[in-house]
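The values are calculated or read from the model by the stated rules, or taken from the named source; none is laboratory data. Note that the coordinates shown come from a computational prediction; the quantities given were computed from them, not determined experimentally. Virtual Cβ from ideal backbone geometry, glycine too; neighbours counted across all protein chains shown.
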Amino acid sequence: MVLTVASLRQLWGEPLAAPRAADPGPIARVSTDSRADLAGALFVPLVGERFDGHRFLDAALAAGAVAALAQRDRLEAEPARALAAASGRPIWLVDDTLTAYQQLGRLWRRGLKVPVVAVTGSAGKTTTRELIKAALAPLGPVVASSGNENNDVGAPLTLLKADHTTAAVVVEMGMRGLGEIERLTRCAEPDVAVITNIGTAHIGRLGSREAIGQAKCEITSGLGPDGLLVVPAGDPLLEQALAAVWSGRVRRVALADEQAAFPAGLPPADLVGRLEDGALSLPAGSDDLRLQLPLEGRHNARNLLLAVAVALELGVPAAALAQLRVELPGGRARRLRLGEVELLDETYNASPEAVLAALDLVAAPGAGRRYAVLGTMLELGERSLELHRAVAARALELGLDGLVIVAPQAEAAAMEAAAAGLPRLQRVESPEQAAMVLLGWLDPGDRVLLKASRGVALERMIPLLSAGLVPAA
């Protein structure tokens with residue numbers, strides 16, 4: 001896949017250039033980073049709250065970029081024309097370089113001719129993305145979003161990483177308000193879209209689960225009429241939101257022992273898995289396919305079902321899924337051994353649904369005591385106290401041996417009241433203080449969960465706990 005001046009003319013018309021500038025020929029890649037190797041690249045200067053790539057436009061052209069974009073309110077026509085003439089490189093003036101970057105991502109995607117999968121949801125997006133990536137590996141190299149590349153910049157960036165060797169692309173799509181996922185899915189034009197769930201993450205911005213459902217279902221905006229939507233079965237709110245926007249194919253997944261609790265009148269699951277002894281069994285032709293869970297927990301078994309549904313749709317043989325392996329980024333479902341203490345590192349982010357699932361994991365039966373450090377869950381708006389109270393109440397219900405709370409005063413007080421009755425309960429103001437409390441509680445064989453929104457930075461506890469728990473060499 002390459003870009004050309006002719007293909008870019010279709011997007012933005014004639015570029016500014018020296019009268020007799022040579023056509024740069026094929027443009028093999030796009031870069032927004034002036035520090036990267038720019039030889040043969042199209043340079044796109046993005047504008048953010050604290051940066052402006054136009055400051056490096058001259059340097060990018062001097063470093064080998066063969067063409068560039070510029071935003072009209074950042075570089076007026078005459079200076080842009082002078083720069084094009086001086087460099088001999090075509091420069092397109094556009095209204096917004098971020099929008100243009102997304103247009104490039106869509107143009108690149110259309111030239112790839114490989115399946116694209118889009119993933120969104122209130123919780124489990126990254127885990128499901130990585131499970132889908134692993135499930136599609138039998139097809140060949142898979143390009144997927146990484147880190148926090150699930151936004152207006154990350155979606156086109158992921159698409160532009162794919163090339164002629166790529167077998168499939170998996171694009172994660174996050175959002176903080178209405179309209180964001182619609183932009184991302186129109187950029188990616190997925191063949192398969194996945195919604196992991198409709199929860200309460202970002203409810204402070206959107207106001208209700210109904211609005212969150214509407215926002216997540218925007219993922220169907222870029223899905224073609226022959227595309228497939230994969231969702232969990234049994235959620236009336238999700239079904240209601242989908243009915244308003246999507247009349248195409250839907251594949252619903254469910255765990256067998258949960259179906260009896262589904263509200264009456266909802267569409268049945270198309271793919272049902274039986275969870276037992278750390279494995280997931282599901283029908284595959286004349287025999288059942290048995291998959292060892294690569295990640296613990298019922299929530300991850302559901303995420304695995306979503307990934308299997310995607311893989312089967314895209315032609316992965318069922319037998320090829322039997323040895324599925326997945327590696328998650330740091331801070332997600334990571335188990336660490338610190339001396340003789342087991343640490344469940346869930347520090348990357350937190351929504352109420354994800355915290356409840358993580359509490360179930362740490363509370364599983366075992367020989368030692370079970371503790372949790374829970375920090376603030378951000379962007380919950382008017383429901384913040386209610387939802388913080390609910391997760392602390394669950395810690396009490398599960399019979400944890402202790403809870404450390406790292407949260408602002410109002411949320412901390414709500415959690416403390418809900419968890420009253422735990423053998424040990426402590427409120428602190430920082431991750432460092434939480435680590436000191438834990439070091440006074442923990443004994444060999446104990447298990448501890450760290451879970452909070454990214455802004456709380458509970459990962460700062462890990463080196464402190466390690467220093468206190470791991471014997472010096």
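Residues are listed down the side, and each one gets a yes or a no for (1) surrounded by fewer than 22 Cβ atoms within 10 Å (Cβ to Cβ); (2) among the hydrophobic types (A, V, I, L, M, F, W, C):
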residue	(1), (2)
104	no, yes
123	no, yes
126	no, no
131	no, yes
138	yes, no
142	yes, yes
151	yes, no
157	yes, yes
168	no, yes
Residue satisfying all of: in region 360-406; in contact (Cβ under 8 Å) with a residue 60 or more places away in the chain and acidic (Asp, Glu); surrounded by the fewest Cβ atoms within 10 Å (Cβ to Cβ) among these: 382
Would you check which residues across region 334-357 are buried (at least 23 other Cβ atoms within 10 Å of the Cβ), closer than 19 Å to residue 126 by Cβ and among the aliphatic types (A, V, I, L, M) and list them? 350, 354, 355
Any residue at all in region 463-472 that is under 31 Å from the mean Cα position of the chain (by Cα), part of a loop (DSSP other than H, G, I, E, B) and without any contact (Cβ under 8 Å) to a residue 40 or more places away in the chain? no
For residue 15, work out the one condition from (1) surrounded by 13 or more Cβ atoms within 10 Å (Cβ to Cβ); (2) in contact with a Leu (Cβ under 7 Å, 6 or more places away or on another chain) it doesn't fulfil. (2)
Of all residues in region 38-76 being surrounded by fewer than 23 Cβ atoms within 10 Å (Cβ to Cβ) and aromatic (Phe, Trp, Tyr), which is modelled with the highest pLDDT? 56
Taking residue 196 as the residue in question, decide whether it is surrounded by 24 or more Cβ atoms within 10 Å (Cβ to Cβ), of a type outside the set (A, V, I, L, M), at pLDDT 95 or above and under 26 Å from residue 255 (Cβ atoms). yes
Out of 327, 416, 382, sole residue that is of a type in the set (Asp, Glu), over 24 Å from residue 441 (Cβ atoms) and assigned to a helix (DSSP H, G or I): 382
Residue hits (region 319-339; at pLDDT 90 or above and touching a Leu at 6+ places or on another chain (Cβ under 8 Å)) are 321, 336, 337, 338, 339
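Looking at 322, 301, 311, which one is within 23 Å of residue 354 (Cα to Cα), under 25 Å from the mean Cα position of the chain (by Cα) and not hydroxyl-bearing (Ser, Thr, Tyr)? Talk me through it step by step, then tell me what you get.
Values: 322 fails: within 23 Å of residue 354 (Cα to Cα); 311 fails: within 23 Å of residue 354 (Cα to Cα).
It is 301.
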Check on residue 393, assigned to a helix (DSSP H, G or I), at pLDDT 95 or above, not assigned by TED's automatic domain parsing to the domain that holds residue 123 and not polar (S, T, N, Q): yes
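Determine whether region 213-221 contains at least one residue that is more than 18 Å from residue 125 (Cα to Cα) and either at pLDDT below 95 or hydrophobic (A, V, I, L, M, F, W, C) (or both). Walk me through it before giving the result.
Going residue by residue through region 213-221, those that are more than 18 Å from residue 125 (Cα to Cα) are 221.
Now narrow it down to the ones that are either at pLDDT below 95 or hydrophobic (A, V, I, L, M, F, W, C) (or both): none.
The answer is no; no qualifying residue exists.
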Which of the residues that make up region 396-413 are out of contact with any strand residue (DSSP E or B) (no Cβ under 6 Å at 6 or more places or on another chain) and in a helix (DSSP H, G or I)? 396, 397, 409, 410, 411, 413
Please work out if residue 307 is modelled with pLDDT under 90 and assigned to a helix (DSSP H, G or I). no
Hey, which of the helices (runs of 4 or more DSSP H) in region 103-220, taking only ones fully inside, have at least 1 residues that are farther than 29 Å from residue 243 by Cα, in the same structural domain as residue 246 (by TED's automatic domain parsing) and in contact (Cβ under 8 Å) with a residue 24 or more places away in the chain? 125-136, 154-161
